[in-house]
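S.K.: There's a structure below that I have some questions on.
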Amino acid sequence: VDNVAAIPVIGLAIDDVGKMDERDVLIAMTFSPYRSEVVEAVRVAADREVPIITVTDSMASPIVSAATHAFVVPNDSPLPFSSNVASTALLETLLAFVVAESPDDVATAIETFHDHRRAAAIYHD
């Protein structure tokens with residue numbers, strides 16, 4: 001997939017977001033305590049009128065107000081660390097919808113990707 005990039009590529013997230021425009025989409029995730037570089041990247045994207053999808057743990061999160069679409073998922077856990085089960089389930093569900101609505105060549109490309117990995121013995125079924 002040539003039109004998807006994890007940021008930052010090199011440097012800071014705002015460097016990459018600074019190259020975005022209204023034809024792009026920023027997907028931003030942060031959970032309490034909120035990462036300052038994610039909050040700043042969302043601010044820069046909003047200033048550039050980039051559509052923003054956020055995944056966070058509270059409507060009070062500093063990235064929600066700038067979001068075009070905001071998903072709020074719980075991350076409570078009885079353990080000392082937050083749980084990412086709900087956010088993982090959300091992302092997998094969104095990805096399933098994206099693939100389901102994509103042209104057939106997308107599913108074929110995913111299958112080819114995994115076929116190449118199996119042929120290279122990267123996967124063991």
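Let's see how each residue does on (1) exposed (fewer than 13 other Cβ atoms within 10 Å of the Cβ); (2) β-branched (V, I, T); (3) touching a residue at least 40 places away in the same chain (Cβ under 8 Å):
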| residue | (1), (2), (3) |
| --- | --- |
| D24 | no, no, no |
| F31 | no, no, yes |
| P51 | no, no, no |
| D76 | yes, no, no |
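S.K.: Okay, moving on. Return the residues of segment 33-48 that are touching a helix residue (DSSP H, G or I) at 6+ places or on another chain (Cβ under 8 Å) and either open to solvent by 60 Å² or more (accessible area, probe 1.4 Å) or farther than 23 Å from A86 by Cβ (or both); say none if nothing qualifies.
M.R.: E37, E40, V44, A45, R48 - these are the residues of segment 33-48 that are touching a helix residue (DSSP H, G or I) at 6+ places or on another chain (Cβ under 8 Å) and either open to solvent by 60 Å² or more (accessible area, probe 1.4 Å) or farther than 23 Å from A86 by Cβ (or both).
S.K.: Quick one: in segment 101-111, which of the residues that are within 18 Å of N3 (Cα to Cα) and either among the basic types (K, R) or not in a loop (DSSP other than H, G, I, E, B) (or both) is most open to solvent (accessible area, probe 1.4 Å)?
M.R.: Here the residue is E101.
S.K.: Return only the number of the condition from (1) in a helix (DSSP H, G or I); (2) free of Cβ contacts under 8 Å to residues at least 24 places away in the same chain; (3) of a type in the set (A, V, I, L, M) that A121 does not satisfy.
M.R.: With respect to (1) in a helix (DSSP H, G or I); (2) free of Cβ contacts under 8 Å to residues at least 24 places away in the same chain; (3) of a type in the set (A, V, I, L, M), A121 is out only on (1).
S.K.: Name the single residue that is nearest to P33 (Cα to Cα) among those in segment 78-92 being within 14 Å of the chain's Cα centre (by Cα) and surrounded by fewer than 14 Cβ atoms within 10 Å (Cβ to Cβ).
M.R.: Looking at the filtered set, the residue picked out is T88.
S.K.: If you don't mind, another one. Within segment 78-100, track down each residue that is of a type in the set (S, T, N, Q), without any contact (Cβ under 8 Å) to a residue 40 or more places away in the chain and either touching a Gly at 6+ places or on another chain (Cβ under 6 Å) or part of a helix (DSSP H, G or I) (or both).
M.R.: The answer is T88, T93.
S.K.: Would you call I7 touching a residue at least 12 places away in the same chain (Cβ under 8 Å), under 13 Å from the mean Cα position of the chain (by Cα) and in a loop (DSSP other than H, G, I, E, B)?
M.R.: yes
The values are calculated or read from the model by the stated rules, or taken from the named source; none is laboratory data. The structure presented is a predicted model; accordingly, all values stated were derived computationally and were not measured. Quick reminder, even Gly has a Cβ in these numbers, built from the backbone with ideal geometry, and neighbours come from all protein chains shown. The protein model used for the area step is the full one, side chains on, heavy atoms only, and it has no ligands, DNA or RNA in it. Shrake-Rupley method; radii C 1.70, N 1.55, O 1.52, S 1.80 Å.
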